[in-house]
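Written out below as structure tokens is the structure these notes cover.
The values are calculated or read from the model by the stated rules, or taken from the named source; none is laboratory data. Not measured: the values here are computed from a predicted model. Cβ sites come from the backbone with ideal geometry, for glycine too, and all protein chains shown count toward neighbours. Just so you know, the surface numbers come from the protein's heavy atoms only, side chains and all, with ligands and any DNA or RNA stripped out. Shrake-Rupley method; radii C 1.70, N 1.55, O 1.52, S 1.80 Å.
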Amino acid sequence: MIGGIKGLSKEELKEKIKQDFQRKIISLFAIDPKEATTYQQYLALGEVIKEYSFERWLQTNKYYKQNDVKQVYYFSIEFLLGKLLVNNLINLGIRDVCREALSELGITLEDIEEAEREPGLGNGGLGRLAACFLDSMASMGLAGHGNGIRYRYGLFEQKIQNGYQVEVPDNWLSEEYVWEVKRSDRACIVKFGGTVRFDIVDGKLKAFHENYEPVWAIPYDIPIIGYGCNTVNTLRLWSAEPFENVFDFASFSRGDYIKAVEYRYMVQSITQVLYPDDTNEQNRILRLKQEYFFVSAGVQSIIRSFKKRGKPIYELPNYVMIQINDTHPALVIPELMRILIDEEGLPWENAWDITTKTVAYTNHTIMVEALEKWPIDMVKTLLPRIYTIIEEINRRFCSEMLERTGGDWQKVCNMAIIHDGQINMAHLAVIGSSSVNGVSKLHTEILKNEVLKCFYTLYPEKFNNKTNGITHRRWLVEANPDLARLISETLQTDRWIKEPMLMLRFKDFAEDKLTQELVANIKFNNKVKLAKYIKEKYNIIVDPRSIFDVQAKRLHAYKRQLLNALHILHLYNMLKENSSLDIYPRTFIFAAKAAPGYILAKKIIKLINSIAEKVNKDPDVKDKLKVVFLENYCVSLAEKIIPAADVSEQISTASKEASGTGNMKFMMNGAITIGTLDGANVEIKEAVGDENIVIFGLLAEEVLDYYKNGGYSSSQLYQKDLRIRRLIDQLIGNFFDVPSGEFMDIYNHLITYNDEYFVLKDFDSYHEAQMKIDKLYRDTKRWRKMMIINIGASGIFSSDNTIQKYADEIWHIKRVEIPD
Ligand code: 26W
């Protein structure tokens, strides 16, 4: 193995990197280093860098063990890491030396970095948040680790063909993944199906789970390297593997060849694919298997390492905390109960006390269709022992509630875990944990006052807010190095990389002419780079002097890409009517994946591309409007787009976006937000001040009021507002060169079904806001000042701050310094 890099001088390190790198190429591929392809160079460099982190990794684990440090485990069904080579080089503090070393070999580091393939093990915000949290925990010296699934196929790759989204499987493991370490010795067995038998043993009722199908859970560990410290935490991703010797387990498969093959297939399917949907995948048994699989393996491995410490089991909550990222891992509650009762022999009450103290729950959505519910029969068949435990939790909860409410059955039914043939996972999560948090102030208020109101009345002490954050190390230091350098030079220190609140001092330079110019130059250069990318990939020429107006996020009706698209069409209509209309040139950039089965979302993609086609080839608007749809939005593409944005579109229907995190990434890179008072936009407005953000649209309370009391009619708007009527007519007429009826679903959504997300209702207000952007942008000084204030204030939204609050208020853990 390659030795450590501790205590080497810069020159020594450079020589070592050169040597290790060349030797690695020989040992991996048996070729002359000069003949290696860029991808081979990446694999070799990755291996070398990974091994450099091992020293700190071992040291960290040793320190945690010896000092009985309380461990936090972040359970998430998604981790959207992005590329790791750059990130690891930066966090190890060796990127510059490495660049020099390679350049002496005639190799450009950036080319190697570009060659990495990113693991797309997440859909969007929820998975990326988990990755930002891992970076913050490690960089802050907190003992926090990830627990998730090693999907064989990540989120699909999106191609646009003739304007339509086409999905291609993401075979990211076709080449090996450099950053993981397989740990077969730490495998666990997860049990599915079978039956439960109860018996009296030593005077106590005991459960026996029999005739189950066992599945191996094999952990693959990824080191999570902290910035500017010695901490290296662990992300553990589980892969399902069959028992090699089928005679090892239940007799059903003995000698039955077909069954044995079916069994292997069943096992492999568990971690085969990430569900490409971020609303509820209704009643999919495979999804439930995935959820229990990574939860059971994770809890088993936590208990195993806790027991090695030799502490009594009731001390668990003092040394372990499990944070569940939405309800997908909510089965930790019955699983921990099962282990404590069946394996550790604890009585119910003690097991319950330990479990509720150990688990904390984060809610990420109030969208009803995304709130998980599982049919009783499915859970009973797949997880018979877990089902009996959930049933008992529910029985005890309901009888307590009946007593408290003086027999109010209706209320008890509304709050029950099991109701109407289904298991309500959010209720299970709230009842079984010590903390329930939302992800922005507004979202938490909506949880307390609407969605989980009954629970808030019952357990007010459990509810708290933790506004999301993003890691400024990836989204600024890595994605926008020139801006990062400018901040360091301006503040005369780079301490802000460890202490992001120092970024706020950058605001003091908002009026400084030189800083304004430098910020503007950096933005312009980033736009030139993106323009080059767009030219190379799509052969579309965009002018970097135009306003880059960007909406990049998952495609969802509530996120209202449709509002943006219709408004572009409106601008086009205005320009066609009056070619000398004075609008500042704009380039509208979209990037968005739609869930493969989400028909409306896919039609909106087609619509955006149809508008793009119309606009881009019309010489009448050539100098004023451009529309570009960038395919395959992912972390690496975000890192290219966001630093080049002037305007950040955060235009969800108020009350629907729990927080948003893209909004924070854009502001951190100096884009000005046009947005509704939704999610964390509300707090961004507080942070930058009313004059440094452009707000429009209905308020959350108005939206909620319409939902409750009615009073909105989109067809009335269609009748009254000529602009809107024209747009809608263009949708269903022959304005676009598409098959007839192509956009009927969009028409129905907007008119027949009364525009659930108030696109038409907010249209006018959005247009006003866009005109305000136009005016502000022309005022160069003013705009640059706004940019600087946004960049400085974004320090508030570093995930370091968010994680500090989780650590203080939920986990009760302190930072530790890992010695050299
Ligand atoms: C069943 C599949 C599934 C997967 C993910 C259902 C629901 C989800 C999430 C709850 C959806 C999600 O990603 N929510 C987003 O979480 C972000 C991080 O907190 C927030 O910033 C976004 O506003 C929220 O939509």
- Task: State the volume of the convex hull built on the alpha-carbon positions of the range 156-223, expressed per residue in Å³ and rounded to an integer.
- Result: 206
- Item | More than 16 angstrom apart: percent of Cα pairs within the range 386-513 | 71
- Item | Whether the range 254-328 is rounded, prolate or oblate, judged on the alpha carbon gyration tensor where a/c under 1.5 counts as rounded | oblate
- Message: How large is log10 of I(q)/I(0) for the range 699-820 at q = 0.12, 0.15 Å⁻¹ when the intensity is taken from the Debye formula with one equal scatterer per alpha-carbon?
- Response: -0.79, -0.91
- Rank PRO739, TYR753, MET771 by how far each Cα sits towards the positive end of the charge dipole of the range 727-775 (+1 on Lys, Arg Cβ; -1 on Asp, Glu Cβ) and give me just the farthest. MET771
- Going through the DSSP H helices of the chain, which span 18 Å or more along their own axis at the Cα atoms while scoring at least 0.0 as a mean Kyte-Doolittle hydropathy? 125-139, 257-270, 285-308, 561-577, 599-616
- With θ set to phi - 60° and the Karplus curve 6.51 cos²θ - 1.76 cosθ + 1.60, what are the ³J(HN,Hα) couplings of the range 73-80 in order, to the nearest whole Hz, using x for Gly and Pro? 10, 9, 8, 8, 6, 9, 9, 9
- Note on the structure: Spelling it out for PHE548: with amide H atoms placed in the peptide plane at 1.01 Å from N, the residues 5 or more places away or on another chain with amide H under 5 Å from its amide H are THR587, ASP646, VAL647
- Message: I'd like to know how the range 439-588 sits against the 2.2 N^0.38 Å rule of thumb: what's its Cα Rg over that expected value?
- Response: 1.46
- Query: Dividing the alpha-carbon Rg of the range 496-581 by 2.2 N^0.38 Å yields what?
  - Reply: 1.52
- Message: Greater than 25 Å separation of Cα atoms is the criterion. Which listed pairs, LYS532/LYS626; LYS62/LYS311; LYS513/LYS775; LYS83/LYS785; LYS603/LYS665; LYS16/LYS65, meet it?
- Response: LYS83/LYS785; LYS603/LYS665; LYS16/LYS65
- Note on the structure: Measuring from its Cα centre, the chain shows a charge dipole (+1 at each Lys and Arg Cβ, -1 at each Asp and Glu Cβ) which, in debye to the nearest 20, is 540
- May I ask you to give the solvent-accessible area per residue for the range 777-820, in square angstrom, as obtained with a 1.4 angstrom probe? 45
- Item | Alpha-carbon Rg/Rh ratio, for the chain, with Rh computed the Kirkwood way | 0.97
- Can you give the Kirkwood hydrodynamic radius for the range 621-731, in Å, rounded to one decimal and based on Cα pairs? 16.4
- Task: Counting only DSSP beta bridges with both residues in the chain, tell me the antiparallel percent, nearest 5.
- Result: 45
- Message: I'd like the carbon and sulfur percentage of the solvent accessible area for the chain, probe radius 1.4 Å, heavy atoms only, ligands and nucleic acids excluded.
- Response: 49
- Kirkwood Rh in Å, taken over the range 429-485 so that all alpha-carbon pairs contribute: 13.2
- Can you give me the three principal axis dimensions of the range 106-153 from its C-alpha atoms, in Å, biggest first? 40, 30, 18
- Interchain or long-range residues, amide H under 5 Å from LEU105's placed H: none
- Burial ranking of peptide ranges 807-814, 533-540 (average Cβ count within 10 Å, highest at the top): 807-814, 533-540
- Query: Reported to two decimal places, what Rg/Rh ratio describes the range 120-252 when computed on Cα atoms with Rh from the Kirkwood expression?
  - Reply: 1.11
- Query: Taking Cα pairs under 8 Å and at least six residues apart, what relative contact order does the chain come out at, in percent?
  - Reply: 13
- Note on the structure: Karplus ³J(HN,Hα) for the range 182-191 (6.51 cos²θ - 1.76 cosθ + 1.60, θ = phi - 60°; Hz, whole; x = Gly/Pro) runs 6, 10, 4, 5, 10, 5, 10, 10, 10, 10
- Task: Using the charge dipole of the chain (Lys, Arg: +1 at Cβ; Asp, Glu: -1 at Cβ; taken about the Cα centre), state which of GLY792, GLY122, MET668 has its Cα farthest towards the positive end.
- Result: GLY792
- Subtracting the Cα-Cα distance of ILE583 and ARG505 from 0.36 nm times their residue separation yields 24.6 nm
